[in-house]
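Read through the structure below, which is laid out as structure tokens, and then see the notes.
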Amino acid sequence: MIAKGLKGIVAAETTISHIDGNEGRLVYRGYEIGDITSRYSFEETSYLLWYGVFPDDKQVKHLTSELKKNRSLSTHMKNVIDQLPKDMDMMSVIRTAVSAEGSSAYGWKPDVTQAIRLTALLPSIIAYRNSQLEGKSFVEPSDEFDHVENYLYMLKGERPSKAHVQALETYMILTLEHGMNASTFSARVTASTESDMVSAVTSAVGTMKGPLHGGAPSGVINLLDEIAADGSAEAVIRRKLKNGEKLMGFGHRVYKTHDPRAIALKAKLQGLVGSDEWLDLAIEVEEKAVELLAEFKPGRSLYTNVEFYAAAIMKAISMESTLFTPTFTASRVVGWTAHVLEQAEDNTIYRPQSDYIGKFVKHSAIQS
Ligand code: ACO
């Protein structure tokens, strides 16, 4: 029997994260995601994923300072990005830039300093390219700011508001890691050949780029825009469901109940941005859509997924939609690198088999 897409196949044991689609649980290293976002920072959660335990004060200070030290783009990296055609999409730019980071410093076995370096570099790569596309000069990273705040600072060129930083930080923590998804698997396959950390992350970025994985949160933005223009959530949603269209930001392959990331994101957003017009609209649309989905698709258990509130967050902090998937990448690099480290600890090369269904040609047939 063939497991197309390796559906249902368990390919590794992991202690990094656990997903329970029926219960709506996402757990990092034993801790429920909702508990993490309400208490810990990007740096502390990354430490948890890499080392398996939360850091003490000294350890988090050290990690924060290492991330700061590794943020600057080398002249070589800037030159590589400068040479890329202006119409190259951001995910291809990230893939190329990450690949250009490869050097003899990244041999087998991978280690956590390499994970920190790549995590520190990604926001700078995105912001550098973004400044080029906007025809503005690049805002160099500032040691004044921690990881997420600095990312927004580089993108906006000014100190971001605390509410915006916390909203983005919550989103990034929630998307740091999600089990054996396609890009994580891709990173582990590359690492399993005893290739290096940069190659594994380059593979993962290439995998993340595909719309079936990196997602299209712009679909949610389009839905919200359409509803805002029409003025009636009920009318637009009813029309779409009658036409057999899918509502972007609803439903999930694994979660058959509420996506815990959507719940955590919504809770944080409500506490932070209060009466933001996009958040208010998103909440109204969620309520109406869940009601109408139950009417049109009874028994299918359709609720918001992480993309829905990710789009609302991005709107609330005025992040361009071209930066949605790159920002997802800037957080997921932590999960990828944690998996590469885990793979390296007990490595077996991934080598599944395929079932040949082609023909067999007799030698005599070739000669004639
Ligand atoms: N709107 C309307 N109906 C839906 C939706 C939706 N968003 N999602 C599922 N359904 C319906 C399907 O039409 C199907 O109905 P049927 O039984 O009458 O045929 C039923 O619910 C089951 O749907 P499937 O597509 O079979 O569910 P599956 O688990 O395969 O798909 C998926 C999950 C792809 C996420 C789907 O829900 C979807 O397309 N959602 C919209 C796109 C989206 O938001 N994607 C982001 C996912 S989150 C992420 O990738 C990080």
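Any read-out appearing in this document is the output of simple, stated calculations on the displayed coordinates, not a laboratory observation. From a predicted model like this one, the values you see are computed outputs, not experimental measurements. FYI the Cβ positions are ideal-geometry reconstructions off the backbone, even for glycines, and counts take in every protein chain you see.
What to note about this one:
- Here region 1-155 is treated as a sphere whose radius is the Kirkwood value from Cα pairs; by Stokes-Einstein at 4 °C and 1.567 mPa s it diffuses with a coefficient of 72 µm²/s.
- Among PRO260, PRO160, PRO141: highest mean-square fluctuation, GNM of the chain, C-alpha pairs under 10 Å: PRO160
- In terms of overall dimensions, the C-alpha atoms belonging to the chain reach 68, 60, 43 Å along their principal axes, ordered largest to smallest.
- Note on the chain: with a GNM built from Cα contacts shorter than 10 Å, the maximum mean-square fluctuation among SER124, SER192, SER103 falls on SER103.
- Residue of ALA204, ALA289, ALA191 that the Gaussian network model of the chain assigns the largest fluctuation, springs spanning Cα pairs under 10 Å: ALA289
- Simple rule: put +1 on each Lys or Arg Cβ and -1 on each Asp or Glu Cβ in the chain, find the dipole, and look at SER321, HIS363, GLY179; the Cα lying farthest toward the positive end is HIS363.
- Computed about the Cα centre, the dipole magnitude for the chain is approximately 1180 debye when only Lys and Arg (+1) and Asp and Glu (-1) carry charge, each at its Cβ.
- Under the shape rule built on the C-alpha gyration tensor, where the axes satisfy a ≥ b ≥ c, region 218-317 is oblate, since a/c reaches at least 1.5 while a/b does not exceed b/c.
- Selection among ALA282, ALA338, ALA264 by position relative to the dipole of the chain gives ALA338 as farthest towards the positive end (Cβ unit charges, Cα centre).
- The trypsin sites (Lys or Arg not before Pro) of region 98-194 meeting both criteria, a DSSP state outside H, G, I, E and B (loop) and at most 11 other C-beta atoms within 10 angstrom of the site's C-beta, are LYS136.
- The aspartates and glutamates within cross-link reach of LYS7, meaning a Cα-to-Cα straight distance under 18 Å and a gap of 8 or more places when in the same chain, are ASP20, ASP355.
- When the listed pairs LYS240/LYS288; LYS69/LYS315; LYS162/LYS315 are checked against a 21 Å cut-off, the alpha-carbon distance exceeds it for LYS69/LYS315.
- Among the listed pairs LYS156/LYS266; LYS109/LYS266; LYS58/LYS78, those with a Cα-Cα distance over 28 Å are LYS109/LYS266; LYS58/LYS78.
- Charge sum, other residues only, whose C-beta stays under 10 Å from GLU342's C-beta, Lys/Arg counted +1 and Asp/Glu -1: -2
- Under 12 Å, Cβ to Cβ, from LEU122 - net charge with Lys/Arg +1 and Asp/Glu -1: +4
- Applying both filters, DSSP loop and at most 14 other Cβ atoms within 10 Å, to the chymotrypsin sites (Phe, Trp or Tyr not before Pro) of region 295-358 gives TYR356.
- Charge sum, other residues only, whose C-beta stays under 13 Å from LEU67's C-beta, Lys/Arg counted +1 and Asp/Glu -1: -1
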